[in-house]
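My questions all concern the structure below.
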Amino acid sequence: MLSPSGGRDPVLSAVTLIVGISVGLTFLFGFGNVLTLALRLGLPVWVVPSAVDLSVVWGVARDSAPAGAGRSC
């Protein structure tokens, strides 16, 4: 949205900034938690980024799976 003066709407800019900061901090805290867990489990440091990737994939797959998927009869 454009304001009457031709620039960006300051409310839109503020909301975009707040959402961006929230997403960034969520990722950083999540990475830190997975890093701590991986190191406690004894994984080598070079494996930790893969553990973060797998945790993200698991979370996305869990949230996007249809209800009842993966349940056996």
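Each reported figure results from applying straightforward, stated rules to the coordinates on display, with no laboratory input. Bear in mind the structure is a predicted one, so any value in this text is a computation, not a measurement.
From the backbone phi of segment 31-40, what are the Karplus-calculated ³J(HN,Hα) couplings (6.51 cos²θ - 1.76 cosθ + 1.60, θ = phi - 60°) in whole Hz, Gly and Pro given as x?
5, x, 5, 5, 4, 4, 5, 4, 5, 5
Quick one: Karplus J couplings for segment 7-17, per residue in order, coefficients 6.51, -1.76, 1.60, θ = phi - 60°, nearest Hz, x for Gly and Pro?
Per-residue couplings from phi come out as x, 6, 5, x, 5, 4, 5, 5, 5, 4, 5 Hz.
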